[in-house]
Amino acid sequence: LVLVIDFGAQYAQLIARRVREARVYSEIVPHDLSVAEILAKRPAAIILSGGPSSVYAEGAPSVGAELFRAGVPTFGICYGFQAMARALGGVVDKTGTSEYGGTDLVVGEPASTLFAGTAPAQSVWMSHGDSVVAAPEGFRVSASTPGTPVAAFEDDELRLYGVQYHPEVMHSEYGQKVLENFLYRGAGITPSWTMVNIVDEAVASIRAQVGERRAICGLSGGVDSAVAAALVQRAIGNRLTCVFVDHGLLRKGEAEQVEKDFVAATGVALKVVDARRRFLDALAGVSDPEEKRKIIGREFIRVFEQAQAQIVEQSAKQAAQDERQEPSAHSASFSDWCLVQGTLYPDVVESGGGAGTANIKSHHNVGGLPDDLEFELVEPLRKLFKDEVRRVGEELGLPAEIVWRQPFPGPGLGIRIVGEVTEQRLDLLREADAIAREELTRAGLDRDIWQCPVVLLAEVRSVGVQGDGRTYGHPIVLRPVSSEDAMTADWTRLPYDVLARISTRITNEVRDINRVALDVTSKPPGTIEWE
Ligand code: XMP
């Protein structure tokens with residue numbers, strides 16, 4: 001176990017992911033954990049993340065010097081590097097030269113552990129105001145930049161290392177190599193966190209938790225719930241029942257994917273609830289985005305709970321029949337059941353993250369459940385990042401269309417129709433979306449973009465001309481974005497010819513759509529979805 005101590009920047013999750021890419025298991029812990037608590041977790045190594053503060057700022061998080069005397073190999077990054085320097089008697093100061101963005105790093109120590117196998121000059125990503133001006137006694141300074149004479153230091157005896165820049169970001173050349181050098185050479189860790197390992201561990205812990213009980217899992221059509229269900233299926237076989245609520249807000253072909261392809265790949269028992277009418281009725285006359293989200297969330301929970309109750313009851317009846325007893329002897333008890341959820345590690349970290357972040361939108365996960373839960377939760381993906389979930393899905397033999405599906409919001413197309421949701425509008429949007437997806441796939445762009453919402457501006461009309469006649473139709477907006485984690489995003493520069501094909505096909509093939517617009521806003525300030 002490698003512990004990443006989070007000093008409050010957005011980088012901790014990225015560091016933890018990179019460590020796992022190096023096939024070493026890592027977890028994130030908050031910086032206010034005491035040294036004793038940290039050591040109690042018996043980490044093989046510790047990484048101190050970057051952070052937003054200056055080490056001299058009032059209330060700036062610090063690290064007790066005891067941590068560095070405990071003999072655990074430690075790597076300080078950016079703020080963590082400065083905190084380490086300071087705790088060990090080095091000097092951190094405002095030198096007046098801040099560095100932000102790409103910077104040239106010169107490695108000045110041929111015998112360096114961190115930089116072994118990298119180039120003498122490399123481009124790295126910096127983001128700092130303060131600098132270490134003197135390394136702690138006994139440390140070798142192994143790299144520098146024009147603005148930062150002490151850009152990296154190391155002590156092989158104490159097994160303490162640090163760099164001023166961010167090796168975890170893509171823009172740092174050799175970043176992953178430097179991280180691996182710390183893990184393998186500095187800390188002497190042998191990589192062993194592999195997919196087979198993850199699957200075996202997850203299956204064993206599901207078995208231990210569920211025991212003899214049964215489980216229910218809500219499938220949304222998305223990758224998380226599918227992989228969670230497939231893992232639980234592998235662990236407890238036919239004691240798992242999946243529920244798929246068709247709320248009518250999915251994209252073209254997605255309900256079929258769940259009902260056919262997923263079942264074929266896993267052999268799971270599936271109960272499909274057709275609730276399309278119910279959702280449409282509940283959404284009638286509603287245009288406000290938050291209102292729509294609340295309605296969809298509420299209806300989803302109601303339908304799901306009904307289905308659950310039916311499954312529990314039926315199973316009790318079945319058990320009674322098998323033993324030829326009265327059903328009452330097998331009261332339909334929820335305590336015999338667990339509920340599977342596809343909660344991911346970033347959700348776990350974020351919800352334990354203390355200080356409240358602003359509620360930008362009320363996110364609703366299909367399967368998002370009320371607090372007064374009667375079931376014990378099984379969350380087999382709690383320790384995994386999205387890319388790991390995908391690889392587990394592949395390992396379990398799930399179809400590529402499910403494993404590589406773009407993130408899709410729980411409220412579905414309901415929040416991609418700006419205005420009231422009606423059946424007719426859903427049909428239009430489904431057609432337009434299917435065309436966009438088809439063309440993106442054909443152009444081989446699926447794995448280059450994070451997701452591409454297609455949005456119907458149902459309450460906007462514009463004049464057009466088609467054939468010889470005037471049209472007065474609705475615009476469709478394409479929102480292709482590139483992102484690593486959906487927290488921030490940039491609009492994807494799609495090739496013009498692909499955009500042109502999508503536009504031509506949508507306006508030709510989807511009646512009532514006479515204009516296609518491209519959203520060129522990054523996040524922030526825009527969110528990925530329009531509502
Ligand atoms: P935004 O629009 O907030 O979206 O930039 C960030 C990511 O979250 C997805 N999203 C949701 N997912 N329930 C979900 O399960 C929701 O209510 C929801 N709203 C947005 C969005 O598709 C993007 O990937």
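The values are calculated or read from the model by the stated rules, or taken from the named source; none is laboratory data. Just so it is clear, the structure is predicted and the values come from calculations on it, not from any experiment. Note that we place each Cβ from the backbone using ideal geometry, even for glycine, and neighbour counts take in every protein chain shown.
Looking across segment 4-39, the residues that are closer than 21 Å to GLU201 by Cβ and either in a loop (DSSP other than H, G, I, E, B) or more than 19 Å from the chain's Cα centre (by Cα) (or both) come down to ALA22, ARG23, VAL24, TYR25. One residue alone among ARG430, ARG416 is away from the ligand (no atom under 13 Å from the Cβ) and not hydroxyl-bearing (Ser, Thr, Tyr), and that residue is ARG430. State whether one or more residues within segment 48-61 are within 23 Å of SER483 (Cα to Cα), assigned to a strand (DSSP E or B) and of a type outside the set (Val, Ile, Thr). No, segment 48-61 contains no residue that is within 23 Å of SER483 (Cα to Cα), assigned to a strand (DSSP E or B) and of a type outside the set (Val, Ile, Thr). Here ARG23 clears all of (1) under 22 Å from VAL132 (Cβ atoms); (2) surrounded by fewer than 19 Cβ atoms within 10 Å (Cβ to Cβ) except the condition numbered (1). Taken together, GLN310, GLN314, GLN321 contain a single residue that is in contact with a helix residue (DSSP H, G or I) (Cβ under 9 Å, 6 or more places away or on another chain) and modelled with pLDDT under 95, which is GLN321.
Any residue at all in segment 251-268 that's among the hydrophobic types (A, V, I, L, M, F, W, C), under 21 Å from PRO453 (Cβ atoms) and crowded, with 17+ Cβ neighbours inside 10 Å? Checked against the condition, which is being among the hydrophobic types (A, V, I, L, M, F, W, C), under 21 Å from PRO453 (Cβ atoms) and crowded, with 17+ Cβ neighbours inside 10 Å, segment 251-268 yields at least one hit.
If you go through segment 178-190 and keep only what is more than 25 Å from GLY89 (Cα to Cα) and assigned to a loop (DSSP other than H, G, I, E, B), you end up with GLY188, ILE189, THR190.
Of everything listed in (1) at pLDDT 95 or above; (2) β-branched (Val, Ile, Thr); (3) not in a loop (DSSP other than H, G, I, E, B), the single unmet condition for VAL421 is (3). Within the set ALA202, ALA226, the sole residue that is crowded, with 21+ Cβ neighbours inside 10 Å and within 16 Å of the ligand (Cβ to nearest atom) turns out to be ALA226. With respect to the numbered conditions (1) exposed (fewer than 15 other Cβ atoms within 10 Å of the Cβ); (2) part of a strand (DSSP E or B), which one is the sole condition not fulfilled by ALA500? ALA500 satisfies all of (1) exposed (fewer than 15 other Cβ atoms within 10 Å of the Cβ); (2) part of a strand (DSSP E or B) except (2). Somewhere in segment 369-379, is a residue closer than 13 Å to GLY342 by Cβ, surrounded by fewer than 22 Cβ atoms within 10 Å (Cβ to Cβ), out of contact with any strand residue (DSSP E or B) (no Cβ under 9 Å at 6 or more places or on another chain) and not assigned by TED's automatic domain parsing to the domain that holds THR488? No.
When restricted to residues that are in contact with a strand residue (DSSP E or B) (Cβ under 9 Å, 6 or more places away or on another chain), under 19 Å from GLN257 (Cβ atoms) and more than 16 Å from the ligand (Cβ to nearest atom), segment 435-460 contains 1. Tell me whether segment 281-296 contains one or more residues that are more than 14 Å from GLY410 (Cβ to Cβ) and basic (Lys, Arg). So far as segment 281-296 goes, no, none of its residues is more than 14 Å from GLY410 (Cβ to Cβ) and basic (Lys, Arg).
Please determine, by comparing only the residues of segment 482-526 that are of a type in the set (A, V, I, L, M, F, W, C) and within 16 Å of the ligand (Cβ to nearest atom), which one is farthest from GLN406 (Cα to Cα). So, considering only residues that are of a type in the set (A, V, I, L, M, F, W, C) and within 16 Å of the ligand (Cβ to nearest atom), the one farthest from GLN406 (Cα to Cα) is VAL520. Only residues that are free of Cβ contacts under 8 Å to residues at least 60 places away in the same chain and either farther than 20 Å from GLY188 by Cα or surrounded by 13 or more Cβ atoms within 10 Å (Cβ to Cβ) (or both) were counted across segment 111-122, and they come to 5.
Listed conditions (1) in contact with a Pro (Cβ under 9 Å, 6 or more places away or on another chain); (2) free of Cβ contacts under 8 Å to residues at least 12 places away in the same chain are all met by ASP288, apart from (1). Comparison of GLU531, GLU484 shows that the only residue that is surrounded by 19 or more Cβ atoms within 10 Å (Cβ to Cβ) and assigned to a loop (DSSP other than H, G, I, E, B) is GLU531.
Residues checked against (1) out of contact with any helix residue (DSSP H, G or I) (no Cβ under 8 Å at 6 or more places or on another chain); (2) on the phi < 0 side of the Ramachandran plot:
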residue	(1), (2)
GLU212	yes, yes
CYS217	no, yes
GLY221	no, no
GLN257	no, yes
VAL263	yes, yes
GLU290	yes, yes
GLY297	yes, yes
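LEU249 fulfils the conditions (1) in contact (Cβ under 8 Å) with a residue 12 or more places away in the chain; (2) not in a loop (DSSP other than H, G, I, E, B) except for a single criterion, (2). On the basis of being in contact (Cβ under 8 Å) with a residue 60 or more places away in the chain and either in contact with a Cys (Cβ under 6 Å, 6 or more places away or on another chain) or buried (at least 20 other Cβ atoms within 10 Å of the Cβ) (or both), does GLU388 make the cut? Criteria met by GLU388. Evaluation of VAL463 against the conditions (1) within 16 Å of the ligand (Cβ to nearest atom); (2) out of contact with any Leu (no Cβ under 7 Å at 6 or more places or on another chain) shows that the sole unmet condition is (1).
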